[in-house]
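Notes follow the structure.
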Amino acid sequence: MAAAMAWLRRGACGPARRCGLAAGRSYSGGSAYPSVSLTCPLPGVPKAVFAAAESRERFETRVTVLENGLRVASQNKFGQFCTVGILVNSGSRHEAKYLSGISHFLEKLAFSSTAQFGSKDEILLTLEKHGGICDCQASRDTIMYAVSADARGLDTVVNLLADVTLQPRLSDEEIEMTRMAIRFELEDLNMRPDPEPLLTEMIHAAAFRDNTVGLNRFCPVENTDKIDRDVLHSYLSSYYTPDRMVLAGVGIEHEHLVECARKYLLGVEPVWGSGQGRAVDRSVAQYTGGIIKVEKDMSDVSLGPTPIPELTHIMIGLESCSFLEDDFIPFAVLNMMMGGGGSFSAGGPGKGMFTRLYLNVLNRHHWMYNATSYHHSYEDTGLLCIHASADPKQVREMVEIITREFILMAGAVGEVELERAKTQLKSMLMMNLESRPVIFEDVGRQVLATNTRKLPHELCALISQVKPTDIKRVVTKMLHKKPAVAALGDLTDLPTYEHIQAALSSKDGRLPRLYRLFR
């Protein structure tokens, strides 16, 4: 310390101002208290070694295509655990030639007995040895089998995933248990206080009637007894082929993952045989627009000390764009700008209280129970919709408020609200990508669709480039399409589809006036 103080008094760094020496400051003993610039090295102190940012290549998603067409994608991430899974380009949109509900069955049957593992319990015990958990999710265009476990158990995990995907036993007992589980889930779906999953199904069915993403994601009750092992094998032989699969991993070395893929997924004979199945359905989504109405008594949907009041739920949507198009980013910003939520949602600006559906709808109309914007995007189409709910007696007014919001989207976009929406979108993107399973899904889905992956900083740059003119352009294009409408509850006062369409074609979004002789 004495040597350092002497060096400071000597002025080893030149004049006092260069080292940031401050006058007038002193220790309690009276001696001067210098303020030292960190740019001046201290004598006798070892030279600091600063952590250098590693090359960007280390954090890029690496993709390898095996001889059979299987894509292997990995993303490096620090940590002891990894998330690895197989994503298949298969889902309810591909069931036009088959019984509806096969993907729902496959989701429920996942991680059951296989050629190597006698039961689900055996699979779970194997994963427990590596601190692992497993999950399967089926959507309209993808089925995803995923495992999170200790990275040292990668060999076991890939072996298990290969067996679960290509060698499931599909025993009669397992299929019967799945039928029971699906029947229970369908009953539960109709009894839930939150109708959002049901409305999402209805709006897709209305927007893409009887084709691709408009096909039912849940198995219809009448099909539960018709789907058996032969039906499942017929479907699997067509869609569970290596060229339609991606093995994705996060938190592991790429070379090790490729090695495991070659070992367990190359040259493997699936349990349904290697014969060619039916031709793959490559239909492009056809947007039709239309309305689906379900009259339902919602008065007793949630009883108890604080029952939810009887509500009518409306969802209005318009076709947006595919996630492969350049307009996908402006639509994502628009969706964030609309925002919304429930009228009793606690929070502040970070929870979207400054979004349009809060400012223009929920803050001004106390009787509105909910107003939320959603954006669904697929490889060949998309759907931007607003879900609103209110007392059945105010359905007409609620519909008009939502149609006016759609028309206002094409109006002036404030610089402040646009920047806020862009910042919030980037914030949500980066926050979600802190989670390893989310990174895994992002890697898998992007590589499955495009054979590559856009990194977060690239997406943030694209978000930053969105201008008010981009929002106006995509909205103007969207408003030229026919609307899709889903309505659930007491629909006595619901406007006709033609009136909703007329409101979305007008300048102010107002519904045509009704003139009645008798009230």
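Would you mind getting the accessible area per residue of the range 290-505, heavy atoms of the protein chains only, 1.4 Å probe, in Å²?
On a per-residue basis, 44 Å².
Please report the orientation-averaged projected area of the range 290-505, defined via the convex hull of its C-alpha atoms, in nm².
13.0 nm²
Give me D for the range 62-265 in µm² s⁻¹, whole number, from Stokes-Einstein with Rh from the Kirkwood sum over alpha-carbon pairs, 25 °C and 0.890 mPa s.
D, rounded to a whole number, is 137 µm²/s.
Excluding residues fewer than 8 places away in the same chain, name every one of the aspartates and glutamates whose C-alpha is closer than 13 Å to that of Lys296.
Filter leaves Glu310, Asp490.
Please report the base-10 log of the normalised intensity I(q)/I(0) for the range 68-124, using a Debye sum with one equal scatterer per alpha carbon and no solvent, at each q in 0.24, 0.26 (1/Å).
So the normalised log intensities work out to -1.05, -1.05.
Grab the Cα-Cα distance for Thr450 and Thr492, subtract it from 0.36 nm times how many residues apart they are, and report the gain in nm with one decimal.
Here the segment from Thr450 to Thr492 would lengthen by 10.5 nm.
Could you give P(r) for the range 216-375, binned at 10 Å from zero, as whole percent values over all Cα-Cα pairs?
7, 18, 23, 23, 20, 8, 0
Within straight cross-link reach of Lys507, meaning Cα distance under 18 Å, which aspartates and glutamates are found once same-chain residues fewer than 8 apart are removed?
Glu397, Glu400, Glu405, Glu498
When the accessible area of the chain is computed with all protein chains present and a 1.4 Å probe, what percentage of it is carbon and sulfur?
C and S atoms contribute 55 percent here.
So for the chain, taking the charge dipole from beta-carbon charges (+1 Lys/Arg, -1 Asp/Glu), which of Ser302, Val416, Gly132 sits furthest toward the positive end?
So the residue furthest toward the plus end is Val416.
What is the pair-distance distribution P(r) of the range 50-178, computed from all Cα-Cα distances in 5 Å bins starting at 0, with each bin given as a whole percent?
Once binned at 5 Å, the Cα pair distances of the range 50-178 give 2, 9, 16, 19, 18, 15, 9, 5, 3, 1, 1, 0, 0.
First obtain the Kirkwood hydrodynamic radius of the chain from its Cα pairs, then insert it into the Stokes-Einstein equation at 20 °C and 1.002 mPa s, and state the resulting D in µm² per second as a whole number.
The diffusion coefficient I find is 80 µm²/s.
May I ask you to derive the FRET efficiency for Asp155 and Glu417 from their Cβ-Cβ distance with R0 = 51 Å, giving the value to the nearest 0.05?
Given R0 = 51 Å and the Cβ-Cβ separation, E is 0.50.
For Thr288 and Asp135, what does the FRET efficiency come to when R0 = 35 Å and r is the distance between their Cβ atoms, rounded to the nearest 0.05?
Result of the calculation: an efficiency of 0.55.
Under Stokes-Einstein, with the Kirkwood radius over Cα pairs standing in for Rh, what whole-number D in µm²/s applies to the range 377-501 at 10 °C and 1.306 mPa s?
Approximately 90 µm²/s, per Stokes-Einstein.
Would you list which lysines come within 21 Å of Lys77, measuring only between C-alpha atoms, while excluding same-chain residues fewer than 8 positions from it?
Once the sequence-local lysines are set aside, what remains near Lys77 is Lys426, Lys454.
Counting each DSSP H run of 4 or more residues in the chain as -39500 (n - 2.57), what helix-only mean residue ellipticity at 222 nm follows after dividing by all residues, to the nearest 500 deg cm²/dmol?
-11000 deg cm²/dmol
Give me the number: length gained by fully extending Glu310 to Glu196, i.e. 0.36 nm times residue separation minus the C-alpha to C-alpha distance, one decimal in nm.
Going from the current span to full extension adds 39.5 nm.
Pairs Lys393/Lys472; Lys108/Lys482; Lys120/Lys263: which exceed 29 Å Cα-Cα?
Correct reply: Lys393/Lys472; Lys108/Lys482.
The values are calculated or read from the model by the stated rules, or taken from the named source; none is laboratory data. Here the structure is a predicted model, which is why all the values come from computation and not from measurement. Cβ sites come from the backbone with ideal geometry, for glycine too, and all protein chains shown count toward neighbours. For the accessible areas, the whole protein counts, side chains as well, though only heavy atoms, and no ligand, DNA or RNA atoms are used. Shrake-Rupley method; radii C 1.70, N 1.55, O 1.52, S 1.80 Å.
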